[in-house]
Amino acid sequence: MKSLRFENIWLLSHRDKKARHVSFHPKKNLLRGRNHTGKTSLIRSIFETLGAKPQGKLESWDENTASLLEFSVDGCHFFALHQNGRRALFNANREMIVATSKFGEWSQAFCNVTDFNLVFTDKKESAIQPADPACFFLPFYVNQDGSWQSEWNTFGGLKRFSSPWSAILEYFTGVCPPEYYRAKAERAQESKALEESRREYKLLERTIERFSRTLPLSGPKLNPENFANEIALLTKEVTELNERQEILRSAAVKEQDLLSSLEQQIRLADEALAAYDHDAKYLRAGNSEPLICPTCNAEHTKSFLDLLNFAEDARVLRELAGRLRDDASEVRYRCSTASAKLSTVNENYKRISVLLDTRKGALKFEDVVGSLGAESAFAAFEAERQLLQEAIDKTLGVIDSLDEKMKLLRAPKRTRAILEDFRSHYMTGRVALQLPPVDVSKMKLAGRPDLSGSGGPRSILAYYAALWQTCQGAMGTFDVPVVIDSPNQQAQDDFNLPAVLQFIAKDLPDGMQLIVGLETETDFPFDREIHLDVKYSMLREDHWAETERIVEPLLEKMYVMMESDVAEV
C-alpha cells in the first residue's frame, strides 16, 4: 500500500504582506478556531495547491496568494507550488520537475509522482481520460460545502467523467485493481467502434440494394441528368466553401493582430524588468555614490523604502508578464487552429474546383460509368463490405478478450470480502455515533446515506469512516490523509457532539494522517493542535520574512521555466 503525507504548507500574500507556515503531524492534527478564523482557507489551500478545487468560495481572500505544500509519497518528499492557476512541482532538493498553467499537464505530473493510474471514459465514451487530483482526494476530504449531504459534491469538475464515484471507491478499497478500469475504458471505446462499423455495414447493404434496382448488370448504367444535378451540387458546395474561407481568413487575421500586440506587450514588460533589475542592483550596492539631483544638486540617500518599492514593482511586472504569456499562448493556439481549418477549406476548394473543371470539358460522367461497368461498381461495394466485416470481427475479438480480462481481475470472492468489511465498519460507526441499527446487507460502496435532521451528518461520518477503515485494510491501494472540516454539522446537541468528537479522536484507524477543523476546544487527544484566533486574518505579519525566503525563490524558478517554455513554442 502506497502512503501519502502532508508535511508543511506555506502561504504568502504579496498584497497583504502577510504569510503563514503550518507544520503537520504525521498522525492526528487539530485546527481549532472560531468561525472566520481561517480553518477552511488553510484546508482548501492544501487541496488547491495539488490541483483539487473544493466547492464553494472564500470571502476576503487574496486570490493571488502563493501556496507551497511539502508532501511525501512513501517517504519521498516533493514540493507543490501554486499561484493563481500556475503550478510547479519540485523534488526534495527543490529541483523543478514541471511548471505549467495547464491543468492536464499538472494532473499528469501529480499522477506520475503518486503512481495514481486510475482512468475513465468521458461522458460520450469517446476517449480514455486519466483521473485527476480531485479523484484522488475525493473519498478522504469531508468539507463544509458539499460533503455532508447525500451526493458527491466535494470537488468541482468531476461531472465530466462518466459515473466516476463507484470506480474511485472500488480503486481505493481494492475491489478492482487499476488494470480493471483501464480494460473497462478500452472496452467502452471498442464497443463504440463496433456500433459505428455495424451502422456503416447496414448503410452499405441498403445502398447496394438500391443500386441493384436502379442499375442492372446490362444496359445503361446511369441517367445523364444525374451528371447535371451533381454539377449543381458541387457548385453550391464551392460557394459555401468560399463563404467559410472568408470567415476563417478574417478570424485568422484578427488573432494574428492580437498575438502581435501581446508579444509587443511582453517585450516591453521584459525590457522594463531588465531595467528594474539594473536599478535594483545599483540601489543594493553599498559602496556606490549618492544620488544627486541634476537640477538642485541635492544629495539623496538610498532608503529601504526605495528597495521595497523596486522589489514590489518587479514582482507585479513579473506576474503581468506571466499572464501576458499565458494569453499569448492561448491566442497562438487559436491562430494555429484557424490556420488548420483554413488549410482544410482550401484543400476541399481545390479538390472540388479541379473536379468541376474536369467535368466541364468533353468528358461526360455517363461515359466514365459506362466504361467502368456495373460489375466494377458491385465489386467495389463487395470489397467495402468485406473490409467492414473484417473490422467487426476484429473488434468483437478484442471485446471478448477484454471481457475475459475484466472477469479475471474482478474476483467475486475478494469483492464480497471487502463489501462485508465495509458494511461491518459502517454498522459499528452508526452505533458509536448514537444512531439506530439498519439493514446494510445490500449497501454499496457508493451508496451514501440520505438521512435528514441531526442524524444526517452522523450517518455521513459513519459512512466515510467505513470507507477509510476499508481503505486501510489488507486489500487497500493507498494510505491518504483524511481531512474533516467542521464535524459539528446540523447543530449537534451536547449529547451527540461529544460522541462525534470521541469517534473522530479514538475510533478512526491509528495509522492514517488526520486533520480536523473544529470551532471549540476538546478534551479528546490530538498529536498536534494549530490554534487560529484572529478573525479574517489567518495570515500573519510575523510569518512573512521566513515564508518569503522559502517561497519566493521557487516562485521565480516557476516563472522563469514557464517563460522559457513559451519562448520555445
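Residues in the range 506-531 that are under 13 Å from ARG32 (Cβ atoms) and either without any contact (Cβ under 8 Å) to a residue 24 or more places away in the chain or assigned to a loop (DSSP other than H, G, I, E, B) (or both): 7 in all. Enumerate the pairs (first residue in the range 314-325 and closer than 11 Å to GLN265 by Cα; second residue anywhere and at pLDDT below 75) with beta-carbon separation below 8 Å, excluding pairs fewer than 6 apart on the same chain, so at least 6 apart or on different chains. Qualifying pairs under 8 Å: ARG325/VAL566.
Scanning the range 143-176 for residues that are among the small types (Gly, Ala, Ser) and assigned to a loop (DSSP other than H, G, I, E, B) returns GLY146, SER147, SER150, GLY156, GLY157, SER162, SER163, GLY174.
PHE47: under 30 Å from THR520 (Cβ atoms) and either crowded, with 22+ Cβ neighbours inside 10 Å or within 19 Å of the chain's Cα centre (by Cα) (or both), yes or no? Judged against the criteria, PHE47 is a match.
In the set (1) within 24 Å of HIS36 (Cα to Cα); (2) surrounded by fewer than 15 Cβ atoms within 10 Å (Cβ to Cβ); (3) under 28 Å from the mean Cα position of the chain (by Cα), VAL534 fails one condition alone, (3). The residue pairs whose first member lies in the range 8-34 and is without any contact (Cβ under 8 Å) to a residue 60 or more places away in the chain and buried (at least 21 other Cβ atoms within 10 Å of the Cβ), whose second member is in a loop (DSSP other than H, G, I, E, B) and not polar (S, T, N, Q), and whose beta carbons are closer than 7 Å, counting only pairs six or more residues apart or on different chains, do not exist in this structure. Could you tell me whether MET406 is under 30 Å from GLU195 (Cα atoms) and either more than 31 Å from the chain's Cα centre (by Cα) or in contact (Cβ under 8 Å) with a residue 40 or more places away in the chain (or both)? Yes, satisfied.
With respect to being more than 16 Å from the chain's Cα centre (by Cα), among the small types (Gly, Ala, Ser) and surrounded by 15 or more Cβ atoms within 10 Å (Cβ to Cβ), SER107 falls outside the description. If only residues of the range 421-450 that are closer than 18 Å to GLN489 by Cα and in contact (Cβ under 8 Å) with a residue 40 or more places away in the chain are counted, the one that is nearest to the chain's Cα centre (by Cα) is ARG448. For the range 158-169, the set of residues classified as at pLDDT 80 or above and out of contact with any Phe, Trp or Tyr (no Cβ under 7 Å at 6 or more places or on another chain) consists of SER166, ILE168, LEU169, listed by residue number.
Might you check whether a residue that is more than 29 Å from PHE503 (Cα to Cα), touching a His at 6+ places or on another chain (Cβ under 7 Å) and without any contact (Cβ under 8 Å) to a residue 60 or more places away in the chain occurs anywhere in the range 60-80? Yes; the residues of the range 60-80 include at least one that is more than 29 Å from PHE503 (Cα to Cα), touching a His at 6+ places or on another chain (Cβ under 7 Å) and without any contact (Cβ under 8 Å) to a residue 60 or more places away in the chain.
If you go through the range 411-433 and pick out every residue that is under 20 Å from GLY476 (Cα atoms) and either of a type in the set (Val, Ile, Thr) or not in a helix (DSSP H, G or I) (or both), you end up with 4.
Within the range 104-141, how many residues turn out to be part of a strand (DSSP E or B) and modelled with pLDDT of 90 or more? Can you show your working first?
Restricting attention to the range 104-141, the residues satisfying the condition of being part of a strand (DSSP E or B) are 119-122, 128-130, 141.
Applying the additional criterion that residues be modelled with pLDDT of 90 or more yields 141.
So the count comes out to 1.
A quick yes/no check of all residues on (1) of a type outside the set (D, E, K, R); (2) more than 21 Å from LEU169 (Cβ to Cβ):
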site	(1), (2)
LEU433	yes, no
TYR463	yes, no
LEU467	yes, no
VAL482	yes, no
ASP485	no, no
VAL500	yes, yes
PRO509	yes, no
LEU514	yes, no
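Residue by residue, here is whether (1) out of contact with any helix residue (DSSP H, G or I) (no Cβ under 7 Å at 6 or more places or on another chain); (2) surrounded by 13 or more Cβ atoms within 10 Å (Cβ to Cβ); (3) under 30 Å from ALA446 (Cβ atoms); (4) modelled with pLDDT under 75 holds:
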site: TYR171; (1), (2), (3), (4): no, yes, yes, no
site: GLY219; (1), (2), (3), (4): yes, no, no, yes
site: PHE227; (1), (2), (3), (4): no, yes, no, yes
site: LEU248; (1), (2), (3), (4): no, yes, no, no
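Taking only the range 446-473 into account, find how many residues are modelled with pLDDT under 85 and assigned to a loop (DSSP other than H, G, I, E, B).
To start, the set of residues in the range 446-473 that are modelled with pLDDT under 85 comprises 450-456.
Okay, now just the ones that are also assigned to a loop (DSSP other than H, G, I, E, B), so 450-454.
Of the residues in the range 446-473, 5 are modelled with pLDDT under 85 and assigned to a loop (DSSP other than H, G, I, E, B).
Report whether or not GLN489 is outside any strand (DSSP E or B) and modelled with pLDDT under 85. When the stated conditions are applied, GLN489 passes them. Working only within the range 434-457, note down all residues that are crowded, with 22+ Cβ neighbours inside 10 Å and farther than 24 Å from GLY476 by Cα. Once the filter is applied, which keeps residues that are crowded, with 22+ Cβ neighbours inside 10 Å and farther than 24 Å from GLY476 by Cα, the range 434-457 yields only PRO457.
The values are calculated or read from the model by the stated rules, or taken from the named source; none is laboratory data. Because the structure is predicted, anything quoted here is derived from the model rather than measured. Backbone-built Cβ (ideal geometry, glycine too); neighbour counts: all protein chains shown.
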